[in-house]
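The values are calculated or read from the model by the stated rules, or taken from the named source; none is laboratory data. Here the structure is a predicted model, which is why all the values come from computation and not from measurement. For neighbour counting, all protein chains shown are included, and Cβ atoms are generated from backbone atoms with ideal geometry for every residue, glycine included. These area figures cover heavy atoms from the full protein model, side chains too; ligands, DNA and RNA do not enter into them. Shrake-Rupley method; radii C 1.70, N 1.55, O 1.52, S 1.80 Å.
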Amino acid sequence: MGRGEDVRTGPGAGAREPAEPGIPGVAPDAGTARAPGAGRTADRVTPDPAAPEGPAARMFAADAASRGLGMTLQSVGQGTARVAMTITGAMVNGHGTAHGGFLFTLADTAFACACNSYGPLTVAAAADIVFVAPAREGDVLTAHAVERTRFGRSGVYDVRVTRDDQVVAEFRGRSRVIRAVEG
């Protein structure tokens, strides 16, 4: 599978999601197209994140929590990822809307895939979310994560959660690369 191609896993993997509005300042295909030599640093080659055996796809395949909620990894590129999930009856709160914890989990999963796309084990250092509009049972939500910056072992990522063309939530995550543990 070439760079920027869809990586489909999980239930409903064959379904295509409608286009979502982009995150301001980021091209719709950010992280999917690369110039020759992209992914190279002075002393190593970054794994192709869009490959089925790429670091983010491997991490997602081992993520029983996200897959158990019906999430599908739709695409991944260097510093970007797109994850979808359908809101089920078990995800609805006492107000008849999707519980915010499930929206956060969807955004967090897209964030995790984006920040782990480079290969080193990376975890969340902090994250916050703004709920913009309610989601309801049956809604198909898409979380699109985009890297804003990486510095040292840290990074900042924005995730927009949408239903069709409507923004449901905005999430910002801060990542930290974990040093290899010897033992």
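Descriptive notes on the structure:
- Per-residue SASA entry for E137, accessible area with 1.4 Å probe, Å² rounded to 10: 120 Å²
- For S154, solvent-accessible area (1.4 Å; no DNA, RNA or ligand), Å²: 20 Å²
- Solvent-accessible area assigned to carbon and sulfur over region 124-183 amounts to 49 percent, based on a 1.4 Å probe.
- Ranking H99, H144 from most to least accessible surface, computed with a 1.4 Å probe over the protein chains only, gives H99, H144.
- Each of A124, P134, V146 was scored by the projection of its Cα onto the charge dipole of region 120-177, and the greatest displacement toward the positive side belongs to A124; charges sit on the C-beta of Lys, Arg, Asp and Glu.
- Counting heavy atoms of the protein chains alone, R82 has an accessible area of about 50 Å² for a 1.4 Å probe.
- P(r) tail fraction, region 111-183 - alpha-carbon pairs more than 19 Å apart, %: 41 percent
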